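Heads up: the structure comes next, in structure tokens.
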Amino acid sequence: MLEKIIQNQINYQRKLSKYIKLQEWKFKIRKQLAFFYRILLLIFRDTIYIIGGAYGYQWCRIGQSIQVDLIQKYELNTIKIWLWDQDNRVYRVKVFIKFQNIETKIYESNLAQSVVTIRFPDQLVEQFRIYNTYGNTYNIGLHVIKVEAYYQFIE
């Protein structure tokens with residue numbers, strides 16, 4: 001009888017240990033996902049901040065794009081892109097909007113710097129893409145801090 005009680009306690013401790021490890025694992029996964037989504041959503045934030053180190057922006061290499069898929073179709077006519085501006089670097093970029101699998105170039109520049117405001121005719125948009133044509137004057141990266149897309153009433 002005593003052996004059975006001891007065996008039950010051992011089994012209970014093993015199950016409890018597995019449960020605790022499982023909960024720790026779930027917590028780590030949730031923590032990693034939360035970190036991933038915080039990094040993913042950096043370009044949409046509205047807080048005032050100082051950027052340091054490797055976090056605080058999205059980036060891509062020459063020939064790659066930063067693509068933003070909208071949750072639904074929106075009528076837009078303005079996109080603002082805040083490029084990394086801690087120095088005097090100049091970016092070479094193209095910006096495209098997409099609706100019903102038709103992609104339209106709305107902006108191209110070899111002199112994009114700081115905050116770029118792009119106005120285009122009123123149009124339904126479901127996706128936009130910022131293409132890194134040839135990096136910047138310091139390196140091969142396109143560094144985007146924040147993106148805003150909206151419909152602006154023009155007087």
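None of the figures in this text is laboratory data; all of them are computed from the coordinates on show. Note that the coordinates shown come from a computational prediction; the quantities given were computed from them, not determined experimentally. Glycine also receives a Cβ, built like all others from the backbone with ideal geometry; neighbour counts cover every protein chain displayed.
Tally Lys and Arg at +1 and Asp and Glu at -1 over the other residues with C-beta under 13 Å from the C-beta of Ile62: what net charge comes out?
Charge balance in the 13 Å sphere: +3.
Which peptide among 93-102, 75-84 comes first, and what is the full order, when sorted by highest mean count of other Cβ atoms within 10 Å?
The densest-packed peptide leads the list: 75-84, 93-102.
How would region 61-105 be classified by its alpha-carbon gyration tensor: rounded, prolate or oblate, with rounded meaning a/c under 1.5 and the a/b versus b/c comparison settling the rest?
In terms of gyration-tensor shape, prolate.
Using the per-residue mean of other Cβ atoms lying within 10 Å as a proxy for protection, in what order, highest first, do the peptides 62-69, 129-136 fall?
Highest mean packing first, the order is 129-136, 62-69.
Local charge sum around Tyr134 (other residues, Cβ-Cβ under 14 Å, Lys/Arg +1, Asp/Glu -1)?
Its environment carries a net charge of +3.
Please compute, for the alpha-carbon atoms of region 49-155, the extent along each of the three principal axes and give them in descending order in Å.
35, 28, 25
Quick check: net charge around Tyr107, other residues with Cβ under 15 Å of its Cβ, Lys/Arg +1 and Asp/Glu -1?
Net charge in that neighbourhood comes out at +4.
Taking the Cα centre of region 58-150 as the origin and placing charges on Cβ (Lys, Arg +1; Asp, Glu -1), which of Asn77, Gly135, Ala112 is farthest toward the positive end of the dipole?
Gly135
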